[in-house]
Amino acid sequence: MRWSRTFIPTLKETPSDAEVASHRLMLRAGMLRKLSSGIYCHLPLGQRVIQKVERIVREELARIGAEELLLPVLHPAELWQETRRWDIYGPELMRLTDRHDRQFALGPTHEEVITDVVRGEVRSYRQLPLNLYQIQTKFRDEIRPRFGVLRSREFIMKDAYSFHADEASLGEAYDAYREAYSRIFARCGLDFRAVLADSGAIGGAVSEEFMVLASSGESEVLSCCSCGYAATSEKAAAGALASANAGAGGAQAGAVGEASGQRDGQRDLRRVDTPGKTSAAEVAEFLGVPVARTLKTLVYVADGTPVFVMVRGDREVNEAKLFGHLQAATVRLATPEEIRSETGGPLGFSGPVGLPGMPRILADPNLRGARGSVVGANAADAHLTGMDLERDVPQAEFVDLLQVAAGDPCPRCGASLESSRGIEVGQIFKLGDKYSKAMGATFLDESGAQRTLIMGCYGIGITRTVAAAIEQHHDERGIRWPPAIAPMQVEVVPLAARDPAPMRVGEELYEGLMERGWEVLLDDRDERPGVKFADADLIGIPFRLVVGERGLKNGMVELRADAGRGDAETLPVDGAVATLDARLRQAMGRA
Ligand code: ATP
Ligand code: MG
């Protein structure tokens, strides 16, 4: 490629609306342009990187026996109605109506479509297992598209689906995908880890996410240095928290707990005035008790039915866990009007005691045995003290709904959990029969009995992976591509426009390297060295060969690795192609 004939519209200025490095650099390096919110055009340099990542994905999936196919983007609504996801997926599903008034979705993921294809073809266990994937544009009407292609509304995904006769076969495929993903992300030059994950809107019981470690990442990972446990904050569990009961070691016994003079915080329910105090912290301060001894009671509505959720006042509810537990089509917080009609009191004063109609109450297991607690009185400006959860709220079900935080004990070994940030580039799921059961996808087993197919699914965000690679490989001057996914491997930069010699030698090196099969960019523009170097630093091609007037007088050119940031190495012009060829083979892992 000759720069003068390429379409690489680099920018000197930093675009103002780009918040993270990868977004800024993709725009500045001329890889990307925004068309509309969360919708981007991938320019030639960007498309090259996408193709590099896709190629690695295809090679590694071929190794585990996956077959590539291509499914439609337009999905008839009826298919999504079979699994109820037409309703459950919510506004993220892009919907449209055709000229015959039929409803369609733009595919955000393809479980329904692939299950439809497979149920039409698979009859017997002899046809199993199946391992199929595609690389395709996906659509999700994200509530907050941001960070460029890290969270866009239209993006490229590799999505794979496997079909099995039994769990053991699914386990083999799942493990093979985990290995393949590790090889893919390692080849892309990423520092990543696989962590336990919530299966969210896709479903299933077992799931892991592949996280690229980056401070700009939107995902939080909680991990244990001691035993290696690692999970997303949506999934992470914790060991038992220190008790907050009055008189217990975990928190200081407060004035209210002791006021009645009873041991262990055991005392009667008492209604106290708490004018205008709605948050747990305000109530605790007002009553002079530790925040941990006040309990939050949140009111949710799951498919139209109220569900009360309780956690300690100093902690938050993990909605991913709640939604996963309830398995309802829709779950949301109740409105102030709904709270009033369900509890008799206003927002901010809800509590679990004496609710009409024995509603469902879910409590964090850390509240088991909670005594001397403070809860809302379901009346304006009032709380109850001295609550004993098991005594006063016998219908409470204990369910892990806790949002785990850094410092909480590891659920496996009890050491302190640490928090770090990551970008989710891939996720693998053991789906089980969630889709096949809903859609009647069955097969005949060896004994001739009809059974439901067992499924797995496995996604990689291709465009997000490109951006994640930049997040990990850049400096203030620009991108520093890992060689395996760089748009090209070598940039030849001839300097000094008046003297024709550097350009002539640059052309020779360019031709020589291309003959050896490398992708080369020749900066043949009539620009000052400063401009050429700044652009080269920005687009970050791994090897840079500079042909200058002065060096050429001694028959030498200059080579720098690491996207031009490496130390300069002077090479004789004559052997430069052969030397660089050897270096490239090494860098690209080709013998
Ligand atoms: P997130 O939690 O980030 O919204 P997700 O868990 O909903 O993602 P999956 O359904 O697991 O995403 O999709 C598989 C992969 O597709 C993700 O691991 C991610 O790499 C990519 N991906 C998902 N949503 C987006 C998006 N809006 N923009 C770019 N890539 C995305
Ligand atoms: Mg995911």
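Some notes on this structure:
- Residue check, Glu112 touching a residue at least 60 places away in the same chain (Cβ under 8 Å), buried (at least 20 other Cβ atoms within 10 Å of the Cβ) and more than 22 Å from Phe147 (Cβ to Cβ): yes
- Counted residues, the range 202-219 - those being of a type outside the set (Ser, Thr, Tyr) and more than 11 Å from ligand 1 (Cβ to nearest atom): 5
- All positions within the range 33-45 that are open to solvent by less than 10 Å² (accessible area, probe 1.4 Å) and within 21 Å of the chain's Cα centre (by Cα): Gly38
- Of the residues in the range 467-476, at least one is at pLDDT 95 or above and within 16 Å of ligand 2 (Cβ to nearest atom).
- Residues of the range 550-583 classified as part of a helix (DSSP H, G or I) and either small (Gly, Ala, Ser) or in contact with a Phe, Trp or Tyr (Cβ under 6 Å, 6 or more places away or on another chain) (or both), total: 5
- Criterion: more than 15 Å from ligand 2 (Cβ to nearest atom) and under 14 Å from the mean Cα position of the chain (by Cα) - qualifying residue of Arg146, Arg183, Arg187, Arg151: Arg146
- In the range 538-568, of all residues being open to solvent by 60 Å² or more (accessible area, probe 1.4 Å) and farther than 19 Å from Glu508 by Cα, the one that is nearest to the chain's Cα centre (by Cα) corresponds to Asp562.
- Candidates in the range 190-201 are the residues that are at pLDDT 95 or above and in a loop (DSSP other than H, G, I, E, B); of these, the one that is nearest to ligand 2 (Cβ to nearest atom) is Ala197.
- Within the range 202-242, being of a type in the set (Ser, Thr, Tyr) and away from ligand 2 (no atom under 13 Å from the Cβ) holds for Ser215, Ser216, Ser223, Ser226, Tyr229, Ser233.
- Glu515 vs. criteria charged (D, E, K, R) and more than 21 Å from Pro482 (Cβ to Cβ): yes
- Subset of the range 103-137 [in a loop (DSSP other than H, G, I, E, B) and more than 20 Å from Asp159 (Cβ to Cβ)]: Arg123
- Of the strands (runs of 3 or more DSSP E) lying entirely inside the range 406-493, those containing at least 2 residues that are within 15 Å of ligand 1 (Cβ to nearest atom) are 418-432, 454-461.
- Scanning the range 147-182 for residues that are open to solvent by 10 Å² or more (accessible area, probe 1.4 Å) and of a type in the set (Phe, Trp, Tyr) yields Phe147, Phe155.
- Counting residues in the range 569-577 that are touching a strand residue (DSSP E or B) at 6+ places or on another chain (Cβ under 6 Å) and among the acidic types (Asp, Glu) gives one or more.
- Annotation note: Cβ proximity below 9 Å between a residue of the range 377-399 that is touching a residue at least 40 places away in the same chain (Cβ under 8 Å) and open to solvent by 30 Å² or more (accessible area, probe 1.4 Å) and a residue that is part of a loop (DSSP other than H, G, I, E, B) and hydroxyl-bearing (Ser, Thr, Tyr) (sequence gap 6+ or interchain) occurs for Asp381/Thr274.
- Of the residues in the range 81-102, at least one is part of a helix (DSSP H, G or I), within 14 Å of Gly440 (Cβ to Cβ) and either open to solvent by 30 Å² or more (accessible area, probe 1.4 Å) or acidic (Asp, Glu) (or both).
The values are calculated or read from the model by the stated rules, or taken from the named source; none is laboratory data. Remember, predicted model here, so these are calculated numbers, not experimental data. Virtual Cβ from ideal backbone geometry, glycine too; neighbours counted across all protein chains shown. All accessible areas refer to the heavy atoms of the entire protein, side chains included, with ligands and DNA or RNA removed. Shrake-Rupley method; radii C 1.70, N 1.55, O 1.52, S 1.80 Å.
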